[in-house]
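The values are calculated or read from the model by the stated rules, or taken from the named source; none is laboratory data. Remember, predicted model here, so these are calculated numbers, not experimental data. Cβ sites come from the backbone with ideal geometry, for glycine too, and all protein chains shown count toward neighbours.
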Amino acid sequence: MNNKDILKYIDRDETVALLQEMVQFKTVNEPGDEKPLAEFIKAKLEAFGIDAYVDDVSDNRANVIGRMKGSGEREALLFNGHLDTVPPGDIEWKHSPYSGALEDGKIYGRGSADMKGGLAAMLMALKAVKKAGLELKGDFIYSATAGEETDSIGAVKFVKEGGLDGVGAIIIGEPSSCGVNAAEKGAFWIEITTYGKTAHGAFPEKGINAVVNMNALLSELISYKFKYEENEILGHPTMNISTIKGGVKTNVVPDKCSVTIDMRTVPGMHHGDIIKDFEKMISKLASDIDDFKADIKVLNDRAAVETKASHPFVKLAVDTVKEEFNKEIKAAGVNFYTDASVFLPAKELPCIFYGPGDANMAHQPNEHVTVDSLMEAVHFYCAMIERYLAL
């Protein structure tokens, strides 16, 4: 059997309709409410003849996992994606964010690109493989998880319950314009707070101004140099001073000021080392400035992850794109994080990110995915299942 025998079981209209239905589920995080969509996917998997179950994560939140058994000669292939989306925002959309409207070859809606398109394409690939009767040498696992847009609560539970046991490789269906990504930057978000002493604004000398102290700290932070080796795919790390909040009224000396900082790191960097550097910075300011006091709180800690472009699984994906679509590509990387930041630190596995849609559409008004890219993704997923689990 070759991939052409599998592809004949893919129906374009059915694939479009599936994604439209999935977009119509409102799974905005927070609160998430992913369980109804998880139940919908479970019903689809069972209709395809594939064993599936819904795993509750919290109130009205759940993962859904399906498994097609193989002979056990090879390790399993895991397809993964997330069920939740970000809010639609305040800007008016061309179509309702939950319409799944089809216009000019594009499917509109929140999550169409990020990343219900990938989940739908993976489902249709799984159906085609099942209907074709492809004999697998290893298990195929489909997992759709809750909460990736915030704390990856679903991925964490999936790993704790042994979801990666027996897995040999992972494909995550994040939007990649149907290219192969093999690395992602880490996300390290912190909150730094400086403290002072309140006083009447007419007598500032009687207080300690936390905002002024924060200004001194920010001057140090802006000139901070990361310790790192530039990554071939991801380049260099970045830092963004994201928010600042301090003071209560114009005529009151502020006794507290907080900033949040978003750092994107590259493989090889250790977030604990950054904290140590910032603590030294605070200690120095405390010795230079009377009554200077500050502390640090970690808000989000996601390691950078990478599968080398030379890895056989990455090469398999790149070669598949070339042979199936006559495209010459190289493995690339992304600046945002995915559930791979939970999976790969737990178990060292090769992982690629491949999905329909443009990553630049994620979190944007009028988010959409083209039908052509959706169908190309189904084709690619079928080919990867065949090449990794059957040949």
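Could you say which residue among K293, K330, K297 is surrounded by fewer than 18 Cβ atoms within 10 Å (Cβ to Cβ) and either in contact with a Lys or Arg (Cβ under 6 Å, 6 or more places away or on another chain) or in the same structural domain as R12 (by TED's automatic domain parsing) (or both)? I'd like the intermediate steps shown before the answer.
Values: K293 fails: either in contact with a Lys or Arg (Cβ under 6 Å, 6 or more places away or on another chain) or in the same structural domain as R12 (by TED's automatic domain parsing) (or both); K297 fails: either in contact with a Lys or Arg (Cβ under 6 Å, 6 or more places away or on another chain) or in the same structural domain as R12 (by TED's automatic domain parsing) (or both).
The conditions single out K330.
Among the residues of region 227-245, which ones are part of a loop (DSSP other than H, G, I, E, B), in contact with a Gly (Cβ under 8 Å, 6 or more places away or on another chain) and not β-branched (V, I, T)?
Matches in region 227-245: Y228, E229, L234.
For region 69-88, which positions are more than 26 Å from V57 (Cα to Cα) and surrounded by 13 or more Cβ atoms within 10 Å (Cβ to Cβ)? Outline the logic, then answer.
Taking region 69-88 and keeping what is more than 26 Å from V57 (Cα to Cα), we get 70-75.
Answer for region 69-88, where residues must be more than 26 Å from V57 (Cα to Cα) and surrounded by 13 or more Cβ atoms within 10 Å (Cβ to Cβ): G70, R74, E75.
Identify the residue in region 12-39 that is touching a helix residue (DSSP H, G or I) at 6+ places or on another chain (Cβ under 8 Å) and under 25 Å from L134 (Cβ atoms) and, among all such residues, is surrounded by the most Cβ atoms within 10 Å (Cβ to Cβ).
The selected residue is L19.
One line per residue, one yes/no per condition, for (1) aliphatic (A, V, I, L, M); (2) under 25 Å from the mean Cα position of the chain (by Cα); (3) part of a helix (DSSP H, G or I); (4) over 25 Å from I153 (Cα atoms):
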| site | (1), (2), (3), (4) |
| --- | --- |
| S71 | no, no, no, yes |
| W93 | no, yes, no, yes |
| S96 | no, yes, no, yes |
| G100 | no, yes, no, yes |
| R110 | no, yes, no, no |
| L123 | yes, yes, yes, no |
| K130 | no, no, yes, yes |
| K137 | no, no, no, yes |
| Y142 | no, yes, no, no |
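Only one residue in E191, E229 is charged (D, E, K, R) and either in contact (Cβ under 8 Å) with a residue 40 or more places away in the chain or buried (at least 16 other Cβ atoms within 10 Å of the Cβ) (or both), so which one is that? Step through it out loud before you land on a result.
Working: E229 fails: either in contact (Cβ under 8 Å) with a residue 40 or more places away in the chain or buried (at least 16 other Cβ atoms within 10 Å of the Cβ) (or both).
It is E191.
Is it true that some residue in region 371-384 is part of a loop (DSSP other than H, G, I, E, B) and not basic (K, R)? Steps first, answer last, please.
Filtering region 371-384 for residues part of a loop (DSSP other than H, G, I, E, B) gives none.
The answer is no, given that none of the residues of region 371-384 is part of a loop (DSSP other than H, G, I, E, B) and not basic (K, R).
Under 6 Å between Cβ atoms, at least 6 apart or on separate chains: pull out the pairs that start in region 242-266 with a residue that is closer than 19 Å to D295 by Cβ and end on any residue that is basic (K, R) and at pLDDT 95 or above.
If the second residue must be basic (K, R) and at pLDDT 95 or above, the pairs left are D255/K197; S258/K245.
With the condition kept exactly as written, say whether any residue in region 271-283 is more than 30 Å from V378 (Cβ to Cβ), touching a His at 6+ places or on another chain (Cβ under 6 Å), surrounded by fewer than 18 Cβ atoms within 10 Å (Cβ to Cβ) and at pLDDT 95 or above.
So the first thing to find is which residues in region 271-283 are more than 30 Å from V378 (Cβ to Cβ), and the list is 271-283.
Checking which are touching a His at 6+ places or on another chain (Cβ under 6 Å) leaves us with none.
No - not one qualifying residue is present in region 271-283.
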